[in-house]
Amino acid sequence: MTRELHTLVCLKVVPKSEEVGVDRETNTLDRANARSEINPPDMNALETALALKDRFGGRVSLMSMGPPFVIPTLRVGLAMGADHAYLLSDRAFGGADTLATSLTLARAIEKLGDVDLVLCGEESSDGATAQVPPGIATWMDIPQATYAMDVDFEPGQRHLVVTREVRDGEEVLDVPLPAVVSVKVSCNEPRFMDTGRFALLDNEELVTTWTADDLGVDREHLGLAGSPTSVAGLKEAAQASGRRRELVSGTPEEEGKILYERIIEFLRGAGTRGQEAPG
Ligand SMILES: Cc1cc2nc3c(=O)[nH]c(=O)nc-3n(C[C@H](O)[C@H](O)[C@H](O)COP(=O)(O)OP(=O)(O)OC[C@H]3O[C@@H](n4cnc5c(N)ncnc54)[C@H](O)[C@@H]3O)c2cc1C
């Protein structure tokens, strides 16, 4: 390795999913009362980046496309150990689908010029397409690996060893840098914020905001104008068929007897979709 590793983590700031409602009149998501958080798998991507920095040195940058109100949430990433955050924020980016989002992120990463590794989460908790990381790699014309469980680095050889989850097993890939890797949620345990870094967080210089003009991309490729897809409708999922439930009451002995009978019934076949239960 001739120079230090520069890892860039794409962080999407999302509404806490349990606080998002549905506006029944417009059939759109109602995020007005939802607090923001870093998309959970992106925390795993950041932990991956910080662990590589702990072992091999280098720098970790954060990048997010979103409105200015996401800055305090990005500062969480800085408090965890990232060195700098870049926010891509402009009305021209609004309404972007995954094509326009990945183009915007890719052009901003290229503007930095020296990024070796782009780490993303596997998917977002709101859009949940998992298309943005492969999109970034395609726009940048560099290798990609998705659903990584582990990312290791061979210092001096400028390549990664990525273990990715596949059906019924694992695949180990040799990935030359620069590359884009998306990591599986829960592939590691994100660290807590470092209280020793809190004093840094008021430093305005740690966050750089870029607009559409800074990226020099034709506006017809950004935001709504550059998005060939749109959400045509929203439907509530049909309720899954209800579980069988029975409230058992009585003395502990009576309850135990009823439970025993129900379990025996189940084992004899009533609960096994017609299959003969053993014994
Ligand atoms: C209400 C709603 C309407 C939408 N309408 C459309 C639509 O009409 N057409 C369409 O194609 N898409 C639509 N989307 C998806 C929207 O375009 C996405 O917010 C955006 O393109 C990112 O895609 P994603 O959320 O599926 O990310 P994913 O591809 O699931 O995210 C994977 C990873 O990419 C990175 N990433 C993704 N977005 C960002 C970001 N903004 N900043 C930094 N890193 C990021 C993160 O590391 C993330 O973990 C909609 C989403 C919502 C919630």
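The values are calculated or read from the model by the stated rules, or taken from the named source; none is laboratory data. Since we're looking at a predicted model, the values are computed, not measured. We place every Cβ from the backbone using ideal geometry, glycine too, and count neighbours over all the protein chains shown.
Here are the numbers for this structure:
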item	result
Boolean, ASN39 is within 12 Å of the ligand (Cβ to nearest atom) and either closer than 13 Å to SER125 by Cβ or not hydroxyl-bearing (Ser, Thr, Tyr) (or both)	yes
Selection from region 214-224 of residues that are in a helix (DSSP H, G or I), more than 10 Å from the ligand (Cβ to nearest atom) and in contact (Cβ under 8 Å) with a residue 24 or more places away in the chain	ASP214, LEU215, ARG219, HIS221
Tally, over region 94-147, of residues that are over 26 Å from LEU29 (Cα atoms), of a type in the set (A, V, I, L, M) and either under 12 Å from the mean Cα position of the chain (by Cα) or modelled with pLDDT under 95 (or both)	1
Failed criterion for ASN33 (all others in (1) in contact (Cβ under 8 Å) with a residue 24 or more places away in the chain; (2) of a type in the set (S, T, N, Q); (3) more than 20 Å from THR211 (Cβ to Cβ) hold)	(1)
Of all residues making up region 180-212, the number that are of a type outside the set (Ser, Thr, Tyr) and either touching a Ser or Thr at 6+ places or on another chain (Cβ under 8 Å) or not in a loop (DSSP other than H, G, I, E, B) (or both)	18
Residue within region 201-220 that is of a type in the set (A, V, I, L, M) and loosely packed, with under 14 Cβ neighbours inside 10 Å present	no
Of the criteria (1) in a loop (DSSP other than H, G, I, E, B); (2) within 15 Å of the ligand (Cβ to nearest atom), which one THR7 fails	(1)
